[in-house]
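Here the structure is laid out as structure tokens; the discussion comes afterwards.
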Amino acid sequence: RLAFKNYKSVSSQPPGVHHKYDNKSVVADVPGSQDHEVLPLPRDPVNKSVVADVPGSQGHEVLPLLRDPDGPGEMGKPVKLNNLTQSQQAMVKQGWDKNAFNQYVSDLLSLHRSLPDVRDKECRGIKYLDILPQTSVIVCFHNEAWSVLLRTVHSILDRSPQHLIKEVILVDDFSDQPHLLRQLDDYVTRLPKVRVVRARRREGLIRARLLGASVATATVLTYLDSHCECTEGWLEPLLDRIAQNSTTVVCPVIDVINDDTFEYHFRDSSSLNVGGFDWNLQFNWHGIPDREKKRRKHQWDPVWSPAMAGGLFAIDRTFFETLGTYDSGFDIWGGENLELSFKTWMCHGTLEIVPCSHVGHIFRKRSPYKWRSGVNVLKRNTIRLAEVWLDDYAKYYYQRVGYDLICIGCDHFDLQGDFGDVSSRKKLRKKLKCKSFDWYIKNVYPELFVPGDAVASGEVRNLGEGSTTCLDSPARRDDLYKPVGLYPCHRQGGNQYWMLSKRGEIRRDEACLDFAGQDVILYPCHGSMGNQQWIYNPNNHSIQHGSSRKCLEMAPDKQNVFMKECTNSSLQRWMFQNYNPS
Ligand code: LR7
Ligand code: MN
């Protein structure tokens, strides 16, 4: 069982409530976070035969036997709404406002809707170990829409071998929507394997997951977000990997459930991605690197991944415990995915994506719930992450988010506000004899561009016209292919942070300055010079383009750049914030 060695445990009793877990729903504290022991709340007995009303749904909670194979959304088909009345349109809008997905459409679908079998056909022939470990599936939620939450639960129950599911634990992270309280308790009485655990206060998803782990009883923990749909055969290949090696942490392929139509889009194994991150310590996806393609025999073999997205994975509970679970100082949302990724690799485990396992997830464009006011929790979590795991590489994160200037000659800890105490996390890392971050970068994620390999970095300031203008462009995936611009220098990194690589790229993350004769744009870095090669001359401060031999020039409006014949005019003089050729 989980012992939560890293918590300040007040009670000498091991945390958890198994022994008195006879009520279906309990309110509990995250182990160690409180003086008092975890107790189930008294609740009224429920009538077993009650069928819950589904708030917001159109009144059809479809039972499996009554299922209509041609019903809306069956086989993962999209639902398009036509000719809505005004009041229906109002409901659609309300659903979007509350959830950041189209709840109205979700409410139209069966809680047991069918999905296509999206696996490679070879997956169906794979023989897994005869005896697989059981798992506790843990689903944390905060104000999740009823139909979406229950479809997650039913997809687990409907599409997993029953003997492999020990229990499904729903961790309510202090929701305040009424349907998630009594009504959910009532609903799960009909589902023998499903339990609800409720946090006493808003814990955030990380501590909510720890709460789930503390009451889970199976040897493998499987985490899912509260807006997922599992497909046929999703579970066995995950458990099989863990059964073969308990230090393997596994993720399914995460398919996209469209946030508007609820169409199930699947990703076939030939276009599989692995997880990585940039120096903002933000998770991102990449194609499978060539070295990894060579290591595997088949496209349905598990893929080593430098990082996990975070929400959907299975882990041996003893290994999770050995790793110190999550840093419980992480609040609300974010950072925990990279924490677990780094320590899995650095502390002697392996992180894989298993192509034969597919689970759908509703990807949203904004976060629908309230975060804490007054603190940037994501930044705080990320600083904890960097301080504990990144060693010397932490400086690239700080530079990237704009801390380098504020912190010259100072201890950056003091200036970044209170990120709490991380000494016990560092101690744990030592105790486990985990490898260095340098080892991780070189062996697990060699594709990552390391700013230390850059010849120059920081802002790129124009030296003409008062020297107040800097090269400035966002460089996320959606911002690519657009001309780069200029903006008053702000010395806060971000869109003004650039790196000049040894090869002559001017880049941020995976985006490179690229000139093909028209505008200077950002383009995915391709690594083969050509239109992405720039020659910086530190003496006359020119930035010359490799193939066209033209020079980068500031436009008179101080908002745009052009490529012009090199004249050495002050408009063609640029200064990198840090220039250190080796
Ligand atoms: O305070 C909270 N308490 C919660 O219980 C906030 C959230 N939650 C629940 C929430 O209801 C949901 O079930 O936690 C889960 C994750 O929250 P989301 O769905 O808002 O997060 P996300 O899907 O946008 O973000 C991804 O990154 C997060 C970083 O902390 C988590 O690791 C999420 O689990 C993770 N989701 C996935 O990995 C699915 C694939 C997305 C990608 C890429
Ligand atoms: Mn999610």
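The values are calculated or read from the model by the stated rules, or taken from the named source; none is laboratory data. Note that the coordinates shown come from a computational prediction; the quantities given were computed from them, not determined experimentally. All Cβ positions, glycine included, derive from the backbone under ideal geometry; neighbour counts span all protein chains shown.
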Residues of segment 370-397 being outside any loop (DSSP other than H, G, I, E, B), over 17 Å from residue 451 (Cα atoms) and not polar (S, T, N, Q), in sequence order, are 377, 378, 379, 380, 383, 384, 385, 387, 388, 389
Could you list all residues from segment 126-161 that are in a helix (DSSP H, G or I) and either without any contact (Cβ under 8 Å) to a residue 12 or more places away in the chain or under 24 Å from the mean Cα position of the chain (by Cα) (or both)? 146, 147, 148, 149, 150, 151, 152, 153, 154, 155, 156
Considering each residue of segment 351-391, count those that are more than 16 Å from ligand 2 (Cβ to nearest atom), under 16 Å from the mean Cα position of the chain (by Cα), among the aliphatic types (A, V, I, L, M) and within 26 Å of residue 244 (Cβ to Cβ), and give that number. 2
Going residue by residue through segment 344-361, is there one that turns out to be in contact (Cβ under 8 Å) with a residue 40 or more places away in the chain, surrounded by fewer than 22 Cβ atoms within 10 Å (Cβ to Cβ) and within 12 Å of ligand 1 (Cβ to nearest atom)? yes
Kindly list the number of the only condition in (1) more than 16 Å from ligand 2 (Cβ to nearest atom); (2) among the charged types (D, E, K, R); (3) more than 15 Å from residue 222 (Cβ to Cβ) that fails for residue 316. (3)
Could you grab the pairs with beta carbons closer than 7 Å, sequence gap of 6+ or different chains, first residue in segment 556-571 and under 17 Å from residue 536 (Cβ atoms), second one part of a loop (DSSP other than H, G, I, E, B) and β-branched (Val, Ile, Thr)? 561/484
Are any residues in segment 478-495 outside any loop (DSSP other than H, G, I, E, B) and closer than 19 Å to residue 467 by Cβ, and if so, which ones? 485, 486, 487, 488, 495
Mind checking whether some residue in segment 413-424 is closer than 28 Å to residue 442 by Cα and at pLDDT below 90? yes
Looking at segment 201-227, which of the residues that are more than 16 Å from ligand 2 (Cβ to nearest atom) and closer than 16 Å to residue 143 by Cβ is farthest from the chain's Cα centre (by Cα)? 201
Unmet criterion (only one of (1) within 16 Å of ligand 1 (Cβ to nearest atom); (2) exposed (fewer than 15 other Cβ atoms within 10 Å of the Cβ); (3) under 24 Å from residue 264 (Cβ atoms)) for residue 176: (3)
Are there strands (runs of 3 or more DSSP E) fully within segment 510-582 with at least 1 residues that are of a type in the set (Val, Ile, Thr) and surrounded by 13 or more Cβ atoms within 10 Å (Cβ to Cβ)? List them. 520-524, 534-537, 542-545, 561-564
The condition from (1) at pLDDT 95 or above; (2) under 30 Å from residue 395 (Cβ atoms) that residue 566 misses is numbered (2)
Could you check segment 76-114 and list, in sequence order, the residues that are of a type in the set (Gly, Ala, Ser) and touching a residue at least 12 places away in the same chain (Cβ under 8 Å)? 76, 95, 100, 106, 110, 114
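Would you mind finding the one in 122, 167 that is among the acidic types (Asp, Glu), surrounded by fewer than 17 Cβ atoms within 10 Å (Cβ to Cβ) and away from ligand 2 (no atom under 16 Å from the Cβ)?
Just a single option satisfies the conditions, and that option is 122.
Report yes if residue 230 is touching a helix residue (DSSP H, G or I) at 6+ places or on another chain (Cβ under 7 Å) and either of a type in the set (D, E, K, R) or within 16 Å of ligand 2 (Cβ to nearest atom) (or both), otherwise no.
Judged against the criteria, residue 230 is a match.
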Condition first: within 16 Å of ligand 2 (Cβ to nearest atom) and among the hydroxyl-bearing types (Ser, Thr, Tyr). Can you find one or more residues in segment 256-267 that meet it? yes
With the structure loaded, tell me whether residue 367 is assigned to a loop (DSSP other than H, G, I, E, B) and under 24 Å from residue 257 (Cα atoms) or whether it fails that test. yes
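Residues are listed down the side, and each one gets a yes or a no for (1) in contact with a Lys or Arg (Cβ under 8 Å, 6 or more places away or on another chain); (2) under 27 Å from residue 103 (Cα atoms):
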residue: 175; (1), (2): no, yes
residue: 210; (1), (2): no, no
residue: 226; (1), (2): no, yes
residue: 231; (1), (2): yes, yes
residue: 246; (1), (2): no, no
